[in-house]
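The values are calculated or read from the model by the stated rules, or taken from the named source; none is laboratory data. Since this is a predicted model, take the numbers as computed values, not measurements. So basically every Cβ, Gly included, is an ideal-geometry build from the backbone, and we count neighbours across all protein chains shown. The accessibility values were calculated without ligands, DNA or RNA, using every heavy atom of the protein model including side chains. Shrake-Rupley method; radii C 1.70, N 1.55, O 1.52, S 1.80 Å.
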Amino acid sequence: MDRKVLIRKIIVYALYILLLTSFQVTFPGVISFRGQVADIMFVFVVMTGYFFGFADGAVVGLITGLFRDYFAGPAFIGLDGKTARTVGIGMLVMFLAAAVGSSFFTRRMHRNIPFAFLATAACTLIYKISGHIIAFMWTAATSDRSYGLTVSSLLTESILPQLLLNLLATIPIIFLLRFAGPYRKGINPAADREEIGGNSWLTI
Amino acid sequence: MRRLLTSKWFIVALVSLLLLAVIVIGALPGSPLHKGLRSIGSVASPVQRGVKHAGNTASDFWAAVTDGMAIREENEELRDEIARLQYQLTQYEEAGIKYEELRDAFHIRDTFSNYDIYGASVLSREADEWFAVVRIGLGTTDGVKMPEGDSFAVVDVEMNLIGRVIELEDNDSTVLPLLHEGFVVSGKVNEVNGIGVTISGDAALKSEGLCLVTGLSENETLEIGAEIVTSGDGGLFPQGIPIGVIESVDYSNPIAITATLRPYADIASLNDVFVMIPYSVIDGWDDEESEEDEVRPSDTSDDDAGE
């Protein structure tokens, strides 16, 4: 890869990771609805995977996840009954978001902009549903209290507001990545060639 | 084999397994991974503070532009109020002197006289419903230490409960907010012999900004609008910190009566908070420091002797 291209990529990604992460944890109330906040970090990672491929998405996802863990690493009730902060969950979530984001609607739809919204929606739904399942199971294992959320309240209080907010956040992120992103003309020439080994299954 | 090793989904599975191992190791008490994560702060914190400063400056500038007329009117009103308050202040100063005399005479204890208050600004807030801890700008460099397994109450400017400190780092600390599912505090209705209750965060109520109230028995009646304060049971929080008011009570299940509580403090609108540290803990720091001071000269003399 051309050195100038590489330097531009590193600087742009570093800048966006730091600024978007800081913005989300400093002003979460700017884009919020029904107690949920727009997950700018998550959308950024999914969109990086979608537009620029798995390799870029994975690296950006891991670093963004590290910052997410530092700023707001989730606290859970441990098996000893004490509440403690965890390390690594943000990295895992963001890495998987990038992997899934780089797999949906990328080949047949040529990473086009309308399907970017569908990629955000799919990744948000997978994240929220699996997150609630894990939280429900963890609550059942560590506490005698019920999880409290019914299916309808999950939809109206958590999943649908988050979906709406993330779709809104997708608009500026697409503009950033396509028109002021890490690659000239908003296209990573290596993304479509990165079909590493036999990974074509699950790629739509 | 090479094809498998370079397969995207093999890499995903491998990295995921590694990260799961990181999560498990990070969950162990005293894990070194937490220290590693703190080093991220040297890059992340200055940028985040810069973003916060830029956002606040922009917001202040916008407010200055839009609120000019309103501020002028408010200024007039405030001048009148200052004059009135200055008169009141002289009266209260006299009353204060009398109260001090009476307090000494009757051995009255101030509610929070055993606690020192440390101010801190809110650095970062929740990222989503699970990544929901708050960071504040108070750390060990401010001379604060937190004994293992201990925690400090965090309140707002009106002494309303916000949460508790769960982790203390060099320049900042992590606060578990009142609405978090992991937060539990013993409370009571703010009256003589008030009913004792347990207040905790709840996944279903969090989005509405409410807490769950449990621990009520069948023959106890909790009034809507009743003020709940900390009971002091458990020793983590001092007695009498206002938490919030009862918003609804559900008597449908007599063996598990529950209620909802609306906290007074709104973390989303706070910029500054206060950490309550017992003097008993602060005395412990002083003892540690004096012990260290005693050890240091002998170390030096040993070194000198060696030389």
When restricted to B:VAL134, B:VAL155, the only residue in contact (Cβ under 8 Å) with a residue 60 or more places away in the chain, at the interface with chain A (Cβ under 9 Å from one of its Cβ atoms) and under 18 Å from B:VAL184 (Cβ atoms) is B:VAL134
Give region B:242-258 a look and list any residue that's surrounded by 19 or more Cβ atoms within 10 Å (Cβ to Cβ) and modelled with pLDDT of 90 or more, or say none.
-> B:PRO242, B:ILE243, B:GLY244, B:ILE246
Return yes or no: is A:ILE31 within 27 Å of A:ARG8 (Cβ to Cβ) and in contact with a helix residue (DSSP H, G or I) (Cβ under 8 Å, 6 or more places away or on another chain)?
-> no
The lone exception for A:GLY186 - which of (1) at pLDDT 85 or above; (2) crowded, with 16+ Cβ neighbours inside 10 Å it fails = (1)
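Among the residues that make up region B:276-283, is at least one of them open to solvent by 50 Å² or more (accessible area, probe 1.4 Å), over 27 Å from A:GLN36 (Cβ atoms) and either touching a His at 6+ places or on another chain (Cβ under 8 Å) or without any contact (Cβ under 8 Å) to a residue 24 or more places away in the chain (or both)?
yes
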When every residue in region A:145-160 that is in a helix (DSSP H, G or I) and facing another protein chain (nearest Cβ under 8 Å) is compared, the one farthest from B:PHE131 (Cα to Cα) is A:SER153
Can you pull out the residues in region B:163-175 that are open to solvent by 10 Å² or more (accessible area, probe 1.4 Å) and in a strand (DSSP E or B)?
-> B:ARG164, B:ILE166, B:GLU167, B:LEU168
Taking helices (runs of 4 or more DSSP H) that do not extend beyond region B:1-113, which have at least 3 residues that are within 28 Å of A:LYS82 (Cβ to Cβ), more than 8 Å from every other protein chain (Cβ to nearest Cβ) and over 24 Å from the mean Cα position of the chain (by Cα)?
-> B:8-27
Return yes or no: is A:LEU19 within 15 Å of the chain's Cα centre (by Cα) and either in a helix (DSSP H, G or I) or at the interface with chain B (Cβ under 10 Å from one of its Cβ atoms) (or both)?
-> no
Do the conditions hold for B:ILE117, that is, is it in contact with a strand residue (DSSP E or B) (Cβ under 9 Å, 6 or more places away or on another chain), more than 13 Å from every other protein chain (Cβ to nearest Cβ) and not basic (Lys, Arg)?
-> yes
Please tell me if B:LEU178 is in contact with a Pro (Cβ under 6 Å, 6 or more places away or on another chain) and either free of Cβ contacts under 8 Å to residues at least 24 places away in the same chain or surrounded by 18 or more Cβ atoms within 10 Å (Cβ to Cβ) (or both).
-> yes
State all residues of region B:141-158 that are assigned to a loop (DSSP other than H, G, I, E, B) and open to solvent by less than 50 Å² (accessible area, probe 1.4 Å); if no residue qualifies, say none.
-> B:GLY143, B:VAL144, B:MET146, B:SER151, B:ASP156
The one condition A:SER130 fails out of (1) open to solvent by less than 30 Å² (accessible area, probe 1.4 Å); (2) at pLDDT 90 or above; (3) within 17 Å of B:ASP128 (Cβ to Cβ) is (1)
Would you mention how many residues in region B:9-39 are at pLDDT below 85, closer than 20 Å to A:VAL59 by Cα and touching a Leu at 6+ places or on another chain (Cβ under 9 Å)?
-> 2
Return a yes/no flag: does region B:115-123 have any residue that is open to solvent by less than 50 Å² (accessible area, probe 1.4 Å), in a loop (DSSP other than H, G, I, E, B), of a type in the set (A, V, I, L, M) and in contact (Cβ under 8 Å) with a residue 60 or more places away in the chain.
-> no
Apart from one, (1) open to solvent by 10 Å² or more (accessible area, probe 1.4 Å); (2) on the phi > 0 side of the Ramachandran plot; (3) not β-branched (Val, Ile, Thr) all hold for A:LEU66; the odd one out is (2)
